[in-house]
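The values are calculated or read from the model by the stated rules, or taken from the named source; none is laboratory data. This structure is a prediction, so every number in the text was calculated from the model and none was measured. Note: ideal-geometry Cβ built from the backbone for every residue, glycine included; neighbour counts use all protein chains shown.
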Amino acid sequence: MNVAVVILNWNGRHLLDQFLPSVVKFSQEAKIYVADNASTDDSIAYLEKHYPYISIIKNAENAGYAGGYNLALKSVPEDIHILLNSDVEVTENWLVPLMEVFRNEPKTAALQPKILDYKETDHFEYAGAAGGYLDKYGYPFCRGRIFQHLEEDHSQYNDDRYIFWASGACLAIRKNTYEEIGGLDEDFFAHQEEIDLCWRLQNKGYKIKYVSASRIFHVGGATLQDMNPKKTFFNFRNSLFMLLKNVEPNKVFITIFVRMILDGVAAFKFIFEGKFNHFFAIMDAHLSFYRHYGRIRKKRPKEFIFRKYYLISSVVYAHFVLRKNKFSDLKK
């Protein structure tokens, strides 16, 4: 079983300079690739000069996270693909625990490590923390992260366990299962496509797992800043795409209806906070969902195998009404 670490890059020369050294130093078990999404900076020249032994895959256009990886991974023959963000610092032996799980659990298709904050290293990081989950209306949360509240790491989530989704910041996946389900959905472009991927994997009977002995540090928000309205647009629109694709037939429309009401509440909250660009981003997200409705609906599986996808009914209610900030409090 061989492994490839594939870093997607778009105008991230400064990130490559900062974070690639740790990947090279601590990934001796893997072949390293940089998939360049048609950068206009000097990323490729930098790699060719300083890392001539790293394989460069040159995509003809910036196809986003989903399209960029779908294009690049066609050229990667290794059995295990690790989709690694360019703003990640890895640690010694980070690959070993992941590979052990893949060797011992043939039905486990995707993994993620413990993801800590590069800027505040004793805290979990937003994009994945200690493993991802959904509520009934498609709002994602993690062990270690509920909305913007990030927990400090006290080893409380050092138990390996099956999760609902693995973070796109560091997604380890078997090549054959990635290809079996058609890879990432390019209609998402960026944000939450990894959740949709993991949902589809589980619909095929595969498992997703969090592996605590593997640790990385993630900057986060390096491509689209945390409060960038474009990120708000993708998150809200793509959640609706995901629900339409994957929720069972007799519940899909009521689930989307309630979700859109909750989105409306969030939009007006942005108005009261003076964040008008985010209000319009949510409105645009809903309009985009309507425009693409027919296209996305055709992606629903022909034979639907229902599995409970949500851990709790509403993380919005739990967090904003009941004031529960920790994953461990959600079921109390």
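Residues checked against (1) assigned to a helix (DSSP H, G or I); (2) assigned by TED's automatic domain parsing to the domain that holds PHE189; (3) among the aliphatic types (A, V, I, L, M):
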| residue | (1), (2), (3) |
| --- | --- |
| LEU15 | yes, yes, yes |
| VAL23 | yes, yes, yes |
| GLN28 | no, yes, no |
| ILE32 | no, yes, yes |
| ASP41 | no, yes, no |
| LYS49 | yes, yes, no |
| LYS58 | no, yes, no |
| ASN62 | no, yes, no |
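I need the full set of residues from region 94-106 which are surrounded by fewer than 18 Cβ atoms within 10 Å (Cβ to Cβ), in contact with a strand residue (DSSP E or B) (Cβ under 8 Å, 6 or more places away or on another chain) and either part of a loop (DSSP other than H, G, I, E, B) or free of Cβ contacts under 8 Å to residues at least 40 places away in the same chain (or both), in order please.
Correct list: GLU105 only.
Does ALA109 meet the test of being out of contact with any strand residue (DSSP E or B) (no Cβ under 6 Å at 6 or more places or on another chain) and surrounded by 13 or more Cβ atoms within 10 Å (Cβ to Cβ)?
no
Can you pull out every residue in region 96-137 that is within 28 Å of VAL252 (Cα to Cα), more than 14 Å from the chain's Cα centre (by Cα) and not acidic (Asp, Glu)?
The answer is LYS107, THR108, ALA109, LYS136, TYR137.
Show the residue pairs meeting these rules: Cβ distance below 6 Å; 6+ apart or different chains; first residue within region 271-282 and free of Cβ contacts under 8 Å to residues at least 24 places away in the same chain and in the same structural domain as PHE236 (by TED's automatic domain parsing); second residue crowded, with 20+ Cβ neighbours inside 10 Å and small (Gly, Ala, Ser).
Taking only residues 6 or more apart or on different chains, the pairs are PHE279/ALA267.
Would you tally the residues in region 148-203 being hydroxyl-bearing (Ser, Thr, Tyr), in a loop (DSSP other than H, G, I, E, B) and either surrounded by fewer than 18 Cβ atoms within 10 Å (Cβ to Cβ) or within 9 Å of the chain's Cα centre (by Cα) (or both)?
The number of residues fulfilling the criteria is 2.
From ALA72, ALA38, which residue is farther than 30 Å from TYR310 by Cβ, more than 17 Å from the chain's Cα centre (by Cα) and in contact (Cβ under 8 Å) with a residue 60 or more places away in the chain?
Going through ALA72, ALA38 in turn, just one is farther than 30 Å from TYR310 by Cβ, more than 17 Å from the chain's Cα centre (by Cα) and in contact (Cβ under 8 Å) with a residue 60 or more places away in the chain: ALA72.
Here are the criteria: (1) part of a helix (DSSP H, G or I); (2) touching a residue at least 12 places away in the same chain (Cβ under 8 Å); (3) surrounded by fewer than 17 Cβ atoms within 10 Å (Cβ to Cβ). Tell me which single one LEU287 does not satisfy.
For LEU287, the failing item is (2).
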